[in-house]
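This report refers to the structure that appears directly beneath it.
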Amino acid sequence: MSWMKKRDIYLVIGMLLFAGALYGGYRLYVANLPAKAEIYYESKLIKTVLLDTGKEETFKVEESDHVTFHLYADGSIAFEHSDCPDQICVKSGKLHLVGQSAACLPNKLIIKIVPNNKNSKDDVDMIG
Amino acid sequence: MKHCKYTLFGVILFCLLLAGCKKTSGITRYSTQYLDLFDTLTVIDGYASSQEEFSKETEKLYEELKTYHQLYDIYNDYENINNIKTINDNAGIAPVKVDKKIIDLLLLGKEIYEETNGKVNIAFGSVLSIWHDYRTEELNDSENAKLPPMEELKIANKHVDISKVIIDEAASTVYLEDKEMSLDVGSVGKGYATKMLTDYANREGMNHLLISVGGNISAIGTKEDGSNWVLGIQNPDTDSETAYVQKVNAKDQSLVTSGNYQRYYMVDGKMYHHIIDPNTLMPSAYFASVSILNKDSGIADALSTAVFNMPFEEGLQLIESINDTEAMWIYEDGTFAYSNGFKEAIAQ
Amino acid sequence: MKNEDSKTKHMVLTAMLFATAIVLSIVESMIPMPISIPGVKFGLSNIVVMYAMFFLNKRDALMIAILKGVFAALTRGAVAGLLSLTGGVFSIVVMVVLMFILKEKGSYFLYSMSGALFHNIGQFVAISIIYTNMVWLYYLPILLVTGIIAGMITSVLLRFLLPALQKI
């Protein structure tokens with residue numbers, strides 16, 4: 001069996017093109033939708049943060065004392081501090097594009113950026 | 001010519017198909033709106049096999065709600081009816097014989113006053129009417145909108161003692177001992193009426209209804225197919241594209257929101273809303289809105305006003321002390337807080 | 001007698017490979033990643049699984065992957081265990097299927113890359129299940145690119161390591 005074939009190179013190029021096309025589609029149609037951040041603890045939504053308020057603040061959630069979040073005035077959000085060993089969540093940096101997410105698995109927390117324009121009146125039976 | 005025939009045949013077939021689709025479900029969802037009750041928009045959603053049948057049901061509900069609307073009115077007189085305005089007009093003069101529906105509401109009001117440490121006071125009319133007058137003046141002359149002078153408010157605030165509301169259950173009379181005082185049931189009236197309407201609907205066997213009296217929502221039973229009603233919590237930022245900020249499941253449940261966006265007027269570009277803090281005599285400034293979930297719409301209505309008038313910790317403590325009651329606070333900056341059990345009600 | 005001997009040798013070898021996989025995953029956790037996205041890793045420990053795949057048998061490879069998952073679950077919690085397990089199993093299943101179809105027509109690079117790619121995809125599927133509604137359009141391109149890079153790294157490493165490992 002050979003190490004690498006010419007065919008593999010074509011395959012890689014094809015995949016890269018495909019990835020590029022997908023990413024283009026994402027940037028064009030998804031990334032810049034109005035966004036909000038959802039914070040989940042143990043897979044349950046515990047907090048929703050509107051990102052376009054222009055406020056800068058640091059906050060915690062009552063479910064976990066181990067993690068500090070930071071909402072930036074530019075509309076992004078990040079894990080600012082966590083006591084977990086791997087620090088993957090903090091290294092994920094600032095999130096602001098729809099679809100981005102960061103997780104702190106040891107503390108069972110995840111931030112997800114989701115579109116915020118879906119809350120139209122048609123989704124609910126009544127608003128009050 | 002032949003083509004025409006085929007086209008016609010096609011069109012007819014298409015129409016039959018459409019008609020067939022409509023027929024198969026049998027029961028359809030309808031919605032009716034009324035604008036003349038409680039100075040707000042009333043919406044009733046329900047299921048029926050036809051519009052006429054739905055109207056028959058909503059007509060009954062409307063008539064029922066209308067009696068409460070007239071009894072709890074503080075601005076208008078109605079022929080042959082002693083309502084809350086009659087009580088106010090007879091303050092310091094004589095006890096007024098009133099319907100049991102008023103007695104029950106006022107008793108609830110007294111109870112709520114105790115439970116909320118006076119944050120909800122049905123005898124707060126003297127202060128509220130001043131704010132009401134300044135608000136309505138702004139409608140006529142928005143250029144010269146003014147704030148009520150604090151002196152005037154403070155003088156009025158001397159006449160808000162709820163213990164001077166004398167209720168004689170046996171004689172079915174109400175008497176205000178202080179002639180300067182007046183009742184304003186805005187904080188509980190709509191909610192209590194919605195609750196009574198809910199009970200009425202249940203008695204009448206209407207099992208799948210959604211009633212909103214000015215955003216005071218009562219979900220009766222479930223949807224026709226047994227699934228939960230899904231209610232949205234109004235986004236306090238009414239200019240936003242987002243109509244609501246959270247979805248909750250509701251089955252035999254009431255959702256009431258008190259918000260600074262509901263009734264307000266502008267003075268020098270600043271917004272002054274209608275929920276007045278009894279301590280400061282000014283519009284309460286803790287939150288943009290507070291929403292309460294409770295089976296009893298009357299309780300939910302009163303609590304939403306009370307909690308709106310309290311700092312978060314105090315409100316949370318109050319909510320947690322009452323069974324099967326949850327709350328969601330929305331701050332001016334759009335951030336939220338929930339009571340401990342609220343998340344269970346959130347719909348995905 | 002000879003059979004017994006090779007059985008023991010086999011077992012020891014599997015155990016050693018497993019230990020190596022653990023060490024490699026620890027080493028990997030110390031390498032800083034430019035971006036950290038749930039499910040995206042270079043998958044150094046995959047090299048061991050690949051080695052087992054090519055030169056022992058597929059069942060041993062699967063065994064090592066499952067053990068890795070159990071180890072992750074014990075040391076880093078159930079979620080990490082589940083992620084490791086789905087990643088490992090996904091990549092092995094895909095490699096086995098590819099090998100079955102292509103046989104000698106495949107290449108080490110191709111198998112490495114598919115293994116790495118589906119390791120990532122497997123983990124991402126697990127994450128999607130746990131945290132519903134992940135946006136695939138955003139992650140798929142990243143998963144593809146990192147899968148390709150990871151595949152290159154593993155196949156290059158294998159290329160240099162295999163001659164040495166084959167002597168065992």
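Bear in mind these aren't lab numbers, they're just calculated from the coordinates by the rules spelled out. Computed from a predicted structure; not experimentally measured. Virtual Cβ from ideal backbone geometry, glycine too; neighbours counted across all protein chains shown.
Quick notes
- Summed over all non-identical Cα pairs, the Kirkwood treatment of the range B:90-157 gives a radius of 14.4 Å.
- Peptide packing: for B:218-231, C:111-124, the average count of neighbouring Cβ atoms within 10 Å per residue gives the ranking C:111-124, B:218-231, highest mean first.
- Ranked packing of C:144-157, B:96-109, B:29-42, B:248-261, most packed first, by mean Cβ within 10 Å: B:248-261, C:144-157, B:96-109, B:29-42
- Most positive-pole-ward Cα, B:319, B:205, B:219, against dipole of the range B:201-348 from beta carbon charges: B:205
- Each peptide in C:65-71, B:156-162 receives the mean, over its residues, of other Cβ atoms within 10 Å, and ordering these scores from highest gives C:65-71, B:156-162.
- Magnitude of the charge dipole for the protein assembly as shown, about its Cα centre and with charges confined to Cβ atoms of Lys, Arg (+1) and Asp, Glu (-1), is about 5320 debye.
- Across chain B, the mean sequence separation of Cα contacts (distance under 8 Å, 6 or more residues apart), normalised by length, yields a relative contact order of 14 percent.
- When each of B:97/B:247; B:158/B:295; B:100/B:251; B:97/B:223; B:66/B:251; A:47/C:68 is checked by Cα-Cα distance, pairs over 32 Å: B:97/B:247; B:158/B:295; B:97/B:223; A:47/C:68
- The angle between the Cα long axis of helix B:100-115 and the main principal axis of chain B comes to about 70°, on a 0 to 90 degree scale.
- Cβ-based exposure ranking for B:179, C:58, B:190, in which fewest neighbours within 10 Å come first: B:179, C:58, B:190
- Rounded to the nearest 20, the Cβ-based charge dipole of the range B:84-176 about its Cα centre (Lys and Arg +1, Asp and Glu -1) stands at 240 debye.
- Estimated 222 nm signal from helices in chain B, with DSSP H stretches of n ≥ 4 weighted -39500 (n - 2.57), rounded to 500: -11500 deg cm²/dmol
- Magnitude of the charge dipole for chain B, about its Cα centre and with charges confined to Cβ atoms of Lys, Arg (+1) and Asp, Glu (-1), is about 1500 debye.
- In degrees, nearest ten, helix B:189-203 long axis to first principal axis of chain B (Cα): 40
- Along its principal axes, chain B has C-alpha extents of 88, 48, 46 angstrom, given from the largest down.
- Gyration tensor over the Cα atoms of the protein assembly as shown: the corresponding equivalent ellipsoid has semi-axes (square roots of 5 times the eigenvalues, largest first) of 65, 30, 22 Å.
- Helix B:125-140 axis, angle to chain B major axis (alpha carbon atoms, nearest 10°): 60
- Within a straight-line Cα-Cα reach of under 20 Å, residue B:154 can be paired with the following aspartates and glutamates, leaving aside sequence neighbours fewer than 8 residues apart in one chain: B:133, B:177, B:178, B:180, B:184, B:277.
- Averaged over the residues of B:244-253, the number of partner chain Cβ atoms lying within 10 Å of the residue Cβ comes to 3.
- Hypothetical label at residue B:80: residues of the range B:86-108 whose amide nitrogen lies under 16 Å (7 Å Cα-Cβ projection): B:99
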